[in-house]
Amino acid sequence: MPFKRKHQTTLTVLSVLLVILIVVYAIRIYSIQVSHASEYSSSAGSAAVITAVLKAPRGEILDRCGRQIAVNRDGYNVVFNKAYVKDDLNDVILALINLLSESGASWTDKLPITSAPPYSYIEGESTDRLIKLLEVAHYATPDDCIEQMTEKYDLKKYSETDRRKIMGVRYSMDIADFSISYPYTFAEDISTELMRKISESGFMLSGVTVDIVPFRQYIDTSLAVNLIGTVGPIFEEDWEEYSKKGYSYDDKVGKSGIELWAEESLRGTDGEIAYYVDADGNILKSRVTKTPVAGKTVMLTLDKNIQRTAQDSLKNTVTQLRSEGGTATAGAAVIVDINTGGVVCAANYPTYDSATLSTNYKELLNDSRKPLTDRAFQGVYPIGSTIKPIVATAALENGLYNIGETINCVHTYRFFDDYQPSCMHRHGSIALTTALSKSCNYFFFELGRRVGALTLTDYFKQFGLGTYTGVEVDDSDGILIEPTTNGFGGDTLQISIGQLNAFTPLQLANYAATFANGGTHYKATLINKITSYDMSQTFDDGTPKVVNKVKISETTAKVIKEGMLSVTVDGTGRAALGDYPIKIGGKTGTSQTNNGADHSTFIVFAPFEQPEIAISVVLEHGNSGYSSGTLVRQLLDAYFTASGNDSPDKVPYTVLG
């Protein structure tokens with residue numbers, strides 16, 4: 001009896017398990033055949049899952065107050081998606097070409113062969129990729145290549161004119177790796193009207209879409225163009241390098257300036273979309289598997305308002321000087337934050353507009369005024385008497401001049417038999433403050449001789465002259481004579497008054513900043529900070545980087561600064577800054593040139609008691625330091641007035657009593 005009861009229990013358990021199993025299978029079958037019938041039906045014939053790229057927007061460039069400099073705008077691109085091309089590809093291409101031709105629009109054609117017979121290779125363009133693609137001999141003629149492509153792309157049924165148009169696109173598709181994974185951009189930034197025409201003609205343009213994509217837009221195309229830079233296509237010679245970094249052939253990359261330097265930050269991270277394709281190549285469905293992440297935001301140390309004022313004022317100054325019979329031809333102006341090394345503005349004249357650079361490039365390149373040159377960062381000039389505060393620092397710090405000591409300027413300096421230069425005036429017996437104020441060459445001939453060429457050159461380097469500033473874009477290290485001994489004779493006298501050596505306006509401003517802040521030489525920079533696109537996360541906070549510290553005692557700094565204040569109060573800078581409402585320390589300079597009138601140079605730091613900024617101005621053939629004084633005043637106005645700087649966290653200065 002117990003055995004029979006045990007047997008019935010086992011059967012009951014097995015029966016229950018069987019019922020549960022049947023129910024589970026029934027639910028699963030229902031799910032497959034009813035709830036997810038279409039999905040599993042599609043998947044049943046699926047041959048592959050192909051991944052394509054979703055482009056990420058480029059990061060933006062802002063000024064130090066968050067004002068936009070380089071941003072993104074929406075535009076229209078004509079794109080071929082291979083997965084959706086159902087008709088003859090050549091027919092679709094020709095139909096699209098005809099549509100664009102009617103609207104006067106252009107399309108991408110990278111074939112390095114002229115567009116009409118007699119065919120020839122396009123001058124200046126490489127044919128290596130074409131020869132490799134067609135597998136022809138390196139000596140193949142353009143006609144040989146045309147014949148090969150006619151066969152390769154099956155173009156015999158078309159007219160000669162249409163064949164050339166179509167093969168230009170097909171070749172461009174091939175070198176761009178056109179596939180389901182890599183859609184091909186046929187035309188960029190088309191008009192809204194053309195976008196509508198293409199959309200209306202969709203029935204004969206299978207596989208063609210008009211995508212809304214971000215395009216680079218510069219809010220002011222003439223603002224700091226040398227520094228901001230441009231973006232452009234990847235050149236053939238650079239493709240191998242960029243392809244290793246995951247770029248697509250039709251990507252736009254930074255070509256110069258900050259756009260190039262910050263390429264890795266601005267680029268962003270592309271997303272991915274998965275296409276589910278059946279055995280016949282038909283797209284069954286698509287799904288975004290990786291959302292694109294926009295590039296980082298780069299906030300610069302530049303101030304747009306001050307930069308615009310500097311550019312306009314520089315242009316107006318040169319123009320006015322010439323209208324008054326002057327000889328000034330060009331110039332540069334730089335403002336540096338003395339506590340960070342941040343470049344607040346860097347103006348050049350003449351300059352150019354990036355919006356028309358591609359069309360005017362040859363004209364600009366051949367312009368004798370050299371508007372493409374970044375004079376602020378790459379122009380090198382003898383800086384004249386603006387060097388004298390360094391010479392004074394070297395003499396005082398090495399015990400070779402005592403405060404209060406007078407030197408008798410008798411016009412001609414006769415220490416050396418073979419070189420006896422003269423001062424502009426006969427100043428008589430003067431001390432350092434007056435020597436700086438009146439810019440007495442005789443006084444600094446004597447100080448320079450006492451210090452010696454080796455020590456002077458060492459101090460020049462400590463202040464950043466003759467060395468690269470470390471700024472993110474291209475700059476020059478200047479020209480610095482390297483003496484082998486202190487017995488440098490007449491050359492020592494020349495470098496003591498700012499001749500023979502030549503430096504950039506950026507170096508000059510950075511040196512003035514180093515002196516004004518007590519000797520801390522900062523790396524020059526254009527980067528305030530780098531953040532996420534929405535600025536919610538900071539990746540680089542722009543912490544100032546110290547290059548070195550120059551030993552300047554408080555006593556030395558005080559006496560030299562008093563001399564520089566005297567320059568603007570009753571010295572060579574008085575005409576421009578004598579009545580300025582804020583006390584300014586400065587030094588004018590006039591430097592001789594080998595061709596034409598002298599250059600005009602001017603450095604200042606302000607405010608005198610608690611310096612914030614240093615300014616350098618160079619006017620090519622400006623003839624005297626006085627010429628640049630008006631420009632210096634306008635730059636000070638731009639920085640110290642509310643109209644020139646509307647940063648919400650900056651309090652404008654008031655007139656001092």
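The values are calculated or read from the model by the stated rules, or taken from the named source; none is laboratory data. For clarity, every value in this text was computed on a predicted model and none was experimentally measured. Note: ideal-geometry Cβ built from the backbone for every residue, glycine included; neighbour counts use all protein chains shown. Calculation scope for accessible area: heavy atoms of the full protein, side chains included, ligands and nucleic acids excluded. Shrake-Rupley method; radii C 1.70, N 1.55, O 1.52, S 1.80 Å.
Among the strands (runs of 3 or more DSSP E) confined to region 192-270, the ones with at least 2 residues that are modelled with pLDDT under 95 and closer than 30 Å to R67 by Cβ are located at 208-218, 231-233.
Yes or no: I234 out of contact with any Pro (no Cβ under 7 Å at 6 or more places or on another chain), closer than 28 Å to L62 by Cα and without any contact (Cβ under 8 Å) to a residue 60 or more places away in the chain?
yes
Quick one: in region 152-168, of everything that is among the aliphatic types (A, V, I, L, M) and either open to solvent by 20 Å² or more (accessible area, probe 1.4 Å) or assigned to a helix (DSSP H, G or I) (or both), which residue is farthest from I122 (Cα to Cα)? Top of the filtered list is I166. Restricting attention to region 447-493, the residues that are charged (D, E, K, R) and either touching a Cys at 6+ places or on another chain (Cβ under 9 Å) or in a loop (DSSP other than H, G, I, E, B) (or both) total 5.
Looking across region 132-151, the residues that are surrounded by fewer than 16 Cβ atoms within 10 Å (Cβ to Cβ), assigned to a helix (DSSP H, G or I) and free of Cβ contacts under 8 Å to residues at least 40 places away in the same chain come down to K132, D143, D144, E147, E151. Only one of the numbered conditions (1) open to solvent by less than 50 Å² (accessible area, probe 1.4 Å); (2) among the aromatic types (F, W, Y); (3) at pLDDT below 95 is violated by Y119, and that is (3). Among residues of region 315-327 that are of a type in the set (D, E, K, R), those with a Cβ under 7 angstrom from a residue that is surrounded by 13 or more Cβ atoms within 10 Å (Cβ to Cβ), sequence gap 6+ or separate chain, pair up as K315/Y349; R322/A328. Residues of region 537-558 that are modelled with pLDDT of 95 or more and crowded, with 17+ Cβ neighbours inside 10 Å: V547, V550, I552, T556, A557.
I'd like to know if region 38-54 contains one or more residues that are modelled with pLDDT of 65 or more, in contact with a helix residue (DSSP H, G or I) (Cβ under 7 Å, 6 or more places away or on another chain) and either over 19 Å from V213 (Cα atoms) or not aliphatic (A, V, I, L, M) (or both). Scanning region 38-54, I find no residue that is modelled with pLDDT of 65 or more, in contact with a helix residue (DSSP H, G or I) (Cβ under 7 Å, 6 or more places away or on another chain) and either over 19 Å from V213 (Cα atoms) or not aliphatic (A, V, I, L, M) (or both), so the answer is no.
Every residue, every condition in (1) over 24 Å from A187 (Cα atoms); (2) open to solvent by less than 60 Å² (accessible area, probe 1.4 Å); (3) not hydroxyl-bearing (S, T, Y), yes or no:
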position	(1), (2), (3)
S222	yes, yes, no
I228	yes, yes, yes
G232	no, yes, yes
S243	no, yes, no
Y249	no, yes, no
I258	yes, yes, yes
R267	no, no, yes
Y276	yes, yes, no
L284	yes, no, yes
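Counting only residues that are out of contact with any strand residue (DSSP E or B) (no Cβ under 9 Å at 6 or more places or on another chain), of a type in the set (D, E) and assigned to a loop (DSSP other than H, G, I, E, B), region 55-95 holds 2 of them.
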